[in-house]
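These notes are about the structure you will find just below.
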Amino acid sequence: MFDRLRTLSARDYRPHALHDAERIWPETNCYVDLWIEVLSALGLEPRAMLGFTLAQDFEGDQFTFFKVPLEDLETLYGIRATELAIYDPAERHVATQIARGRLCLVEVDSFFLPDTQGVSYRTEHGKTTVAITALDAAGRVLRYFHNGGFFELSGEDFDGVFQRGDFAQPLPFLPYTEFAKFPDKAPAGDLRDTARTLLAGHLARRPAENPFAAYARTFAADIEALSERPFEDFHKYAFNTLRQAGANFELAATHLDWLAGEELRGEADAARAIAECCKTLQFQLARALARKRFTGLAEALAPAAAGWDALTGGLEEKLRRDSKTGGRHRAA
């Protein structure tokens, strides 16, 4: 299976529809985004893995940075991912694993990723995860998945990513790295029954309290604190709150559309309402901070809270009913 990734061309690559510019949140977070693209490039269905989105919670200062559980990757696709220990230069380990047909997910500095041009490339240091499919250490060339696409970098950017050459420096710790082992053959058949079982498990793990009601209680204090800080801090705040929640629940809606179509249309629409509310509120908050006017912002979370109740309540009722009758929803 890895051979399909090894031979990918960044120039000819087309992202999956989950990263279409017309979506409410065209990108989610670096980890989920790259798995969407990896699975798509392998000819697998990435929408099958998205049931984990139901378990997202408000953690008191941020929404859960949602990630596909590694056990779900194995259950659905036969992909086994685990931590890769780094004790030599990272590029040596990556080259070894690629030669063995494994995909390496490495935390790197986005400062050296040319696909972040206009965001952080050569302007701001930040941690992000890439999935490396091909590496030429002698030629200083790297091909990799990042966010919603597939890219290539070379030269100084290669040295910067691996902190070598002119960018070598003593490291306080080594980069966190995972590697994925693929089955000999892609799984056959429809994944919906397996995905539905996983969805029920994630629904059972959902927060005991509506996370948007919890967020609403801290929102006013958050805004007050943000208003005293540089406006640039807003982007980091929004990424870890409104974007994480909004993108998460748009993926939940997509999962339900794929899983059962019209049978879960109401629940999918409720999840989309959350995504839309978070996107609207992010714009409203940016304007409010610029103008120092904050009246009514906390109340703007009400549609998201109502959407969460409708989503989880509807799913609980329908999944419980189906478990008793042995019925299965099917996509339209």
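Quick notes
- Qualifying residue in segment 185-199 (condition: touching a residue at least 40 places away in the same chain (Cβ under 8 Å), part of a loop (DSSP other than H, G, I, E, B), in contact with a Gly (Cβ under 7 Å, 6 or more places away or on another chain) and among the hydrophobic types (A, V, I, L, M, F, W, C)): yes
- Top-ranked residue in segment 165-184 [being modelled with pLDDT under 95 and not in a loop (DSSP other than H, G, I, E, B); ranked as nearest to the chain's Cα centre (by Cα)]: F167
- Segment 214-227: number of residues that are over 23 Å from the mean Cα position of the chain (by Cα) and over 14 Å from L285 (Cα atoms): 2
- Some residue of segment 120-129 being among the small types (G, A, S), under 20 Å from N29 (Cβ atoms) and either touching a residue at least 60 places away in the same chain (Cβ under 8 Å) or in contact with a strand residue (DSSP E or B) (Cβ under 9 Å, 6 or more places away or on another chain) (or both): yes
- In the condition set (1) touching a helix residue (DSSP H, G or I) at 6+ places or on another chain (Cβ under 7 Å); (2) buried (at least 18 other Cβ atoms within 10 Å of the Cβ); (3) assigned by TED's automatic domain parsing to the domain that holds G149, V94 is compliant with all but (1).
- Positions within segment 17-35 being free of Cβ contacts under 8 Å to residues at least 40 places away in the same chain and part of a loop (DSSP other than H, G, I, E, B), in sequence order: D20, A21, E22
- Residue pairs whose Cβ atoms lie under 8 Å apart, separated by 6 or more positions or on different chains, with the first residue in segment 229-253 and closer than 16 Å to E267 by Cα and the second part of a helix (DSSP H, G or I) and of a type in the set (D, E), are G246/E276; A253/D269.
- When the criteria are applied in full, L142 fails the requirement of being surrounded by 13 or more Cβ atoms within 10 Å (Cβ to Cβ), touching a Pro at 6+ places or on another chain (Cβ under 6 Å) and without any contact (Cβ under 8 Å) to a residue 60 or more places away in the chain.
- Selection within segment 273-308 - closer than 16 Å to E250 by Cα and of a type in the set (V, I, T): I274, T280
- Search result, residues across segment 117-149 that are in a strand (DSSP E or B) and over 15 Å from the mean Cα position of the chain (by Cα): I132, T133, A134, L135, D136, V141, L142, R143, Y144
- Any chance D88 is outside the structural domain of P211 (by TED's automatic domain parsing), surrounded by fewer than 16 Cβ atoms within 10 Å (Cβ to Cβ) and farther than 23 Å from Y176 by Cα: no
The values are calculated or read from the model by the stated rules, or taken from the named source; none is laboratory data. Nothing here was measured: the structure is a model prediction, and the numbers come from that model. Cβ atoms come from the backbone with ideal geometry, glycine included; neighbour counts cover every protein chain shown.
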